[in-house]
Each structure stands twice: as C-alpha cells, then as structure tokens.
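Colleague: Right, I'll just put the structure down here and ask away after.
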Amino acid sequence: MIERWHRRSLRIAALLIATATAQVLSPGMAHADDSTAYTFWVGHFAGSGNLLKWKDDTGAISYGNGALAGATSWSSATTHITLTEVTSGANIDVRLGQFGTNTESGQTNPSPVDSSGHWMTTVVWYFNTDNLSGSTPTQRKQVAVHEFGHALGLAHTNRNQCSLTQMMAGSNPGEPPPAYNMFTCNYQDPRAGDVNGVNHLY
C-alpha cells in the first residue's frame, strides 16, 4: 500500500513539474546564483504592479483555494506587487482545463504585448485537472505560485541543486522535468530569485 502510494506520489510530482505552456518562449536574462536565478518570459504587466487583480473562474473550491494560496504567497513575498482577488476587471484569470495526462499540470497563455513588452489583455492560466485530480492542497498551491509567476513575467529556470532552485523551475514541452524543482526540494513559496526577478520587472 505504501509502495503504491509512493509510486503515485512520484508520478504526480513528475507530472506537476512540467508546468505551463508558459515555457521560455523568449528568455530575457539567465543568472547563476540563488538571489539572481531568474529568467524573463515574453511579457509582463505595466506600471508598478501594485494591486494587480486576479479572478477565480475555476468553479471548484479546491482549485480556487489553491489559486488563493498561490496569490497570497506572492502578495506576502517582499515584492512590489499585490495580487487582489476580484469578480470583474481582472488582470489575471484562473481557470480549469483538461490537456491530457502526459502534459503539464498548469498552463499559462500569454496575451499580446505592446512595444514595451507589456501585456495588452488579461493573462489566463489553467490548472490541468487531468494531472491534478489526485493532487494535495500544497501541490495545487505550488502550481498556482508557479503559474502566477509566469503571469507576472517570469520564465522557467533550471538549476542543479536545491539551494539554487526557484519556484519557476520547470521544463519546456518535450523536455524531461528538471531533477531539482519545487516538489523535490519541498518549496511552496517564492524563492529569492523569483522575488528578485519580479522586483526587476516592477
């Protein structure tokens, strides 16, 4: 019984780390140490980032709670942004999607960007319920922190030890998941590199 649970937990973790179609489409800068271990994605929000608004369109309490935990985690970090839940006029929309069991567990769809690299419309990200049906509240929070990170403008990172690993650790489609990630390293809140990357953008 324990072995079966352990194998299933490992399978869930392996699926979870292949997060986001928010893969690195256009990484900005790559850095080597913990506090500067971040890369930039294709866009980010304009302005200071204060009071960015997000909406829960999951229609499911467990996933909505996961999104709220992820947003709260970012708002509690030492960044210049605050993610506030709203029912309309959101910058970020959180939804459920079904993308198959052999794909990522979260997916962020970039919006068009202007000439300054700012998102022009609402950024939508999804929990992939095909992979997350057996997930825990902590795992759903971890996915939410990662996907909110993409919405804020961070791309994937990949480091070779837990001390350098960020919440944005991840792989692109067709690539194996990194050995060091938020699940294997037991992280669930933004790390130094995640925070500094967001503060660089805002």
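The values are calculated or read from the model by the stated rules, or taken from the named source; none is laboratory data. Here the structure is a predicted model, which is why all the values come from computation and not from measurement. For neighbour counting, all protein chains shown are included, and Cβ atoms are generated from backbone atoms with ideal geometry for every residue, glycine included.
Colleague: Within region 93-109, which residues are part of a strand (DSSP E or B) and of a type in the set (Val, Ile, Thr)?
Modeller: Hits for region 93-109 are 94, 108.
Colleague: Next question, about the same structure. Hey, any hits in region 141-161 for a residue that's aromatic (Phe, Trp, Tyr), closer than 24 Å to residue 120 by Cα and at pLDDT 85 or above?
Modeller: Looking through region 141-161, at least one residue is aromatic (Phe, Trp, Tyr), closer than 24 Å to residue 120 by Cα and at pLDDT 85 or above.
Colleague: Could I ask something else about it? Which of the residues that make up region 103-135 are among the hydrophobic types (A, V, I, L, M, F, W, C) and touching a His at 6+ places or on another chain (Cβ under 9 Å)? Let's see the steps before the verdict.
Modeller: Residues of region 103-135 among the hydrophobic types (A, V, I, L, M, F, W, C): 113, 119-120, 123-125, 127, 132.
Within region 103-135, 113, 119, 123, 125 meet the criteria.
Colleague: Is one or more of the residues making up region 95-107 touching a strand residue (DSSP E or B) at 6+ places or on another chain (Cβ under 9 Å), surrounded by 21 or more Cβ atoms within 10 Å (Cβ to Cβ) and either closer than 16 Å to residue 201 by Cβ or modelled with pLDDT of 95 or more (or both)?
Modeller: no
Colleague: In addition: Could you count how many residues in region 96-144 are over 19 Å from residue 57 (Cβ atoms) and either of a type in the set (Val, Ile, Thr) or in contact with a Lys or Arg (Cβ under 6 Å, 6 or more places away or on another chain) (or both)?
Modeller: 5
Colleague: Can you list residue pairs whose Cβ atoms sit under 9 Å apart, with the first residue in region 73-91 being without any contact (Cβ under 8 Å) to a residue 40 or more places away in the chain and in a strand (DSSP E or B) and the second being surrounded by 13 or more Cβ atoms within 10 Å (Cβ to Cβ) and among the acidic types (Asp, Glu)? Count only pairs 6 or more apart in sequence or on different chains.
Modeller: 85/56
Colleague: Now for a separate question. Among the listed residues 91, 131, identify the single one that is over 20 Å from residue 40 (Cα atoms) and surrounded by 16 or more Cβ atoms within 10 Å (Cβ to Cβ).
Modeller: 131
Colleague: Then there's this: Within region 49-66, does at least one residue satisfy the condition of being assigned to a helix (DSSP H, G or I) and at pLDDT below 90?
Modeller: Among the residues of region 49-66, not one is assigned to a helix (DSSP H, G or I) and at pLDDT below 90, which makes the answer no.
Colleague: List, please: which pairs have Cβ atoms under 6 Å, are six or more places apart or on different chains, and start with a residue in region 188-202 that is crowded, with 20+ Cβ neighbours inside 10 Å and of a type in the set (Gly, Ala, Ser) and end with one that is modelled with pLDDT of 90 or more and not in a loop (DSSP other than H, G, I, E, B)?
Modeller: 197/154
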